[in-house]
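Asks: Please read through the structure below; I'll follow up with questions.
Any read-out appearing in this document is the output of simple, stated calculations on the displayed coordinates, not a laboratory observation. Bear in mind the structure is a predicted one, so any value in this text is a computation, not a measurement. In this analysis, Cβ positions are derived from the backbone assuming ideal geometry, glycine residues included, and neighbour counts consider all displayed protein chains.
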Amino acid sequence: MTTIAHHLTSMLKANNVKRVYGVAGDFLNGQTDAIRIDGSMRWAPLLHGEGDAFTACAEAELTGKPAV
């Protein structure tokens, strides 16, 4: 079954996102599963949402590629 999480993962893949930062938990299990099933990007769990945002921003600045 195609879910919103699968559509979001497809959109991220189309924009060459290779890593997704986030706080793992029940509310994101569908998204983490969709990323794992797709296999083209990596889920990078962190402990705080603010840290996720700063880490993604730093990666984008350093690599010149999109990060989420």
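Asks: Just to be sure I understand the model, the point goes 7 Å from the Cα along the line to the Cβ. What's the resulting N16 to T3 distance in nm?
Replies: My value for the distance between the label points is 3.0 nm.
Asks: I would also like to ask the following. Tell me, what is the percent relative contact order of the chain, built from C-alpha pairs under 8 Å that lie six or more residues apart? Intermediate values should be presented prior to the final figure.
Replies: Values: 79 pairs, mean separation 25.7, N = 68.
Across the chain, relative contact order equals 38 percent.
Asks: Another one. Which entry is the computed Cα Rg over 2.2 N^0.38 Å for this structure: (i) 2.72; (ii) 1.37; (iii) 1.07?
Replies: This structure yields the entry labelled (iii).
Asks: Taking amide H atoms as placed 1.01 Å from N in the peptide plane, list the residues 5 or more away in sequence, or in a different chain, whose amide H sits under 5 Å from that of A44.
Replies: Here the answer is V20, Y21, G22, since their amide H atoms fall under 5 Å of that of A44.
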